[in-house]
Amino acid sequence: MSFLENTIGSTESSYMDFLSHVTRKQVDSDECRCPEAEVAKKMKQKIIDTKSAKDSIGGTVTCVIRNVPKGLGEPCFDKLEAKLAHAMLSIPASKAFEVGSGFRGTEMLGSVHNDPFIQGKNGLVSATNFSGGIQGGISNGENIYFRVAFKPPATIGLPQVTCSYTGVEGILAVRGRHDPCVVPRAVSIVEAMAAIVIMDQLLIQNSRQQCSAALANVKKN
């Protein structure tokens with residue numbers, strides 16, 4: 001899926017709207033797990049061509065978490081984005097993580113990238129959500145969205161030069177069936193890891209609220 005090709009203007013607005021309405025059924029409608037039909041066709045052909053060349057290819061998985069309560073996370077060591085990054089980078093073959101505008105945000109001015117709160121239909125909302133639903137390490141109630149990059153599988157059909165522990169050069173030749181791209185299979189793993197992080201944060205927040213209520217009763221007594 002294309003991501004923030006133009007971070008300013010209608011493309012960004014369309015992307016945010018897409019994240020708000022894309023369904024699991026759309027994602028699962030294609031074996032590449034891409035909800036955009038035309039892009040999915042190109043992805044599939046690219047994977048087939050790469051496999052025919054006995055090589056491999058990487059890619060990215062975009063995840064959106066909707067209806068997240070405000071206040072999950074912490075402002076320092078256990079920031080919500082840090083916990084998500086920890087989980088995502090624990091997945092085999094993952095190599096990079098970005099939340100919200102990510103690396104594209106470095107190309108924008110602060111006056112454009114800032115994500116001020118404005119009055120929405122049901123209370124305060126962020127103006128751009130460039131922050132990806134997390135500000136200061138804490139969820140702000142907006143959609144949380146992030147991308148995880150996966151490297152090309154190391155096992156390929158082409159012979160590769162290698163070296164033994166003793167320093168003797170040799171050729172590594174691999175036989176058998178090997179995936180040319182792990183990205184389609186990684187989608188469900190990213191989803192599961194994200195769910196674990198959010199549920200963990202919900203339990204932590206619930207424990208804080210219970211402790212706060214208990215302390216209030218102690219003070220009264």
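The values are calculated or read from the model by the stated rules, or taken from the named source; none is laboratory data. Owing to the predicted nature of the structure, the values given are computational and were not obtained by experimental measurement. A quick note on method: Cβ atoms are made from the backbone with ideal geometry, for glycine too, and the neighbour counts reach across all protein chains shown. Please note that ligands, DNA and RNA were not included when accessible areas were found on the heavy atoms of the full protein model with its side chains. Shrake-Rupley method; radii C 1.70, N 1.55, O 1.52, S 1.80 Å.
Looking only at residues that are assigned to a helix (DSSP H, G or I) and under 18 Å from V182 (Cα atoms) in the stretch 14-35, which one is least open to solvent (accessible area, probe 1.4 Å)?
Our first condition is that a residue be assigned to a helix (DSSP H, G or I); within the stretch 14-35, this holds for 14-21, 24-28.
Checking which are under 18 Å from V182 (Cα atoms) leaves us with 27-28.
Values: V27: 26, D28: 75 Å².
Going through the qualifying residues, I end up with V27.
Got a sec? Which of A87, A82 is within 25 Å of V182 (Cα to Cα), open to solvent by 30 Å² or more (accessible area, probe 1.4 Å) and out of contact with any Phe, Trp or Tyr (no Cβ under 8 Å at 6 or more places or on another chain)? Even if it seems obvious, please write down each step before you answer.
Details: A87 fails: open to solvent by 30 Å² or more (accessible area, probe 1.4 Å).
Exactly one residue qualifies, and that residue is A82.
Would you be able to say whether some residue in the stretch 90-104 is open to solvent by less than 20 Å² (accessible area, probe 1.4 Å), aliphatic (A, V, I, L, M), on the phi < 0 side of the Ramachandran plot and within 12 Å of the chain's Cα centre (by Cα)?
Yes, the stretch 90-104 contains at least one residue that is open to solvent by less than 20 Å² (accessible area, probe 1.4 Å), aliphatic (A, V, I, L, M), on the phi < 0 side of the Ramachandran plot and within 12 Å of the chain's Cα centre (by Cα).
Which pairs do you get when a residue that is part of a helix (DSSP H, G or I), found in the stretch 36-52, comes within reach of a residue that is surrounded by fewer than 16 Cβ atoms within 10 Å (Cβ to Cβ) and among the charged types (D, E, K, R), reach meaning Cβ atoms under 8 angstrom, with the pair 6+ apart or on two chains?
Listed by first residue and then by second, the contacts come to K44/E31.
Answer with yes or no whether I171 is in contact with a Pro (Cβ under 7 Å, 6 or more places away or on another chain) and surrounded by fewer than 19 Cβ atoms within 10 Å (Cβ to Cβ).
Numbers: in contact with a Pro (Cβ under 7 Å, 6 or more places away or on another chain): yes; surrounded by fewer than 19 Cβ atoms within 10 Å (Cβ to Cβ): yes.
For I171, the condition - in contact with a Pro (Cβ under 7 Å, 6 or more places away or on another chain) and surrounded by fewer than 19 Cβ atoms within 10 Å (Cβ to Cβ) - is met.
Can you find a residue that is of a type outside the set (A, V, I, L, M), out of contact with any strand residue (DSSP E or B) (no Cβ under 9 Å at 6 or more places or on another chain), modelled with pLDDT of 90 or more and not in a helix (DSSP H, G or I) anywhere in the stretch 1-9?
From the stretch 1-9, those of a type outside the set (A, V, I, L, M) are 2-3, 5-7, 9; that's our starting set.
Those left that are additionally out of contact with any strand residue (DSSP E or B) (no Cβ under 9 Å at 6 or more places or on another chain): 2, 5-7, 9.
Restricting the remaining residues to those that are modelled with pLDDT of 90 or more gives none.
No, the stretch 1-9 contains no residue that is of a type outside the set (A, V, I, L, M), out of contact with any strand residue (DSSP E or B) (no Cβ under 9 Å at 6 or more places or on another chain), modelled with pLDDT of 90 or more and not in a helix (DSSP H, G or I).
Counting only residues that are in a helix (DSSP H, G or I), closer than 30 Å to A53 by Cβ and of a type in the set (A, V, I, L, M), which one in the stretch 180-208 is nearest to the chain's Cα centre (by Cα)?
V190
Consider the stretch 126-138. How many of its residues are in a strand (DSSP E or B) and within 20 Å of I196 (Cβ to Cβ)? Please lay out each step first, then the result.
Step one: list which residues in the stretch 126-138 are in a strand (DSSP E or B), which gives 126, 134-135, 138.
Restricting the remaining residues to those that are within 20 Å of I196 (Cβ to Cβ) gives 134, 138.
Of the residues in that region, 2 qualify.
Tell me which residues, restricted to the stretch 90-125, are aliphatic (A, V, I, L, M) and either in a helix (DSSP H, G or I) or in contact (Cβ under 8 Å) with a residue 40 or more places away in the chain (or both). First the steps, then the outcome.
As a first pass, look at the stretch 90-125 and keep what is aliphatic (A, V, I, L, M): 91, 93, 96, 99, 108-109, 112, 118, 124-125.
Once the filter is applied, which keeps residues that are aliphatic (A, V, I, L, M) and either in a helix (DSSP H, G or I) or in contact (Cβ under 8 Å) with a residue 40 or more places away in the chain (or both), the stretch 90-125 yields I91, A93, A96, V99, M108, V112.
Just to be sure, is K121 within 16 Å of the chain's Cα centre (by Cα) and open to solvent by 50 Å² or more (accessible area, probe 1.4 Å)? Spell out how you get there, then give the answer.
Values: within 16 Å of the chain's Cα centre (by Cα): no; open to solvent by 50 Å² or more (accessible area, probe 1.4 Å): yes.
For K121, the condition - within 16 Å of the chain's Cα centre (by Cα) and open to solvent by 50 Å² or more (accessible area, probe 1.4 Å) - is not met.
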